[in-house]
Amino acid sequence: MVVGKTEKIKSTIKETKYCSILAQGKVFDGEYTYCIEKVFVKELRQEEIRFSLYKDTLNQVERYIPRSLDVTEKEFLELFKEAVKHDVFSRELLADLRTELVKRRKGANRPNERDEIEHEEVGEVQEEVEENEE
């Protein structure tokens, strides 16, 4: 099953052979630029989330570095905030993340307690996410 299959419909920040970058949250640490990006993968014809690393070089500003992105929790939080601010994530994903955090806070992370979260709380969480997006 392929999740998130979609047609390319959004404006493009940058185009490569592999993908189109549709949205980016960025944090610069003085040497590297850390990114969470929404990309449209051309061959698969679907949007995906990519964690990426860029570095300014003599030949190119923000050259893509094909290696893992390692950040501290504080850097991750800043990067996540930037990604939310720049619409990298869908409203549905943000609502689902919020629901999972509420479950975790309430100690409902054990299998037999997962469904015990009140339906009203989920609705409140979704309303909060929608209000923050406006």
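Go ahead and collect, in residue order, the members of region 47-77 whose backbone nitrogen is under 15 Å from a label point 7 Å along the Cα-Cβ direction of ILE13. Under cut-off, by backbone N: 48-56, 61-65.
Across region 23-105, the mean sequence separation of Cα contacts (distance under 8 Å, 6 or more residues apart), normalised by length, yields a relative contact order of 31 percent.
Bear in mind these aren't lab numbers, they're just calculated from the coordinates by the rules spelled out. Just so you know, these numbers come straight off a predicted model, no measurement behind them. Ideal geometry is used to build each Cβ from the backbone, glycine not excepted, and the neighbour counts take in all protein chains shown.
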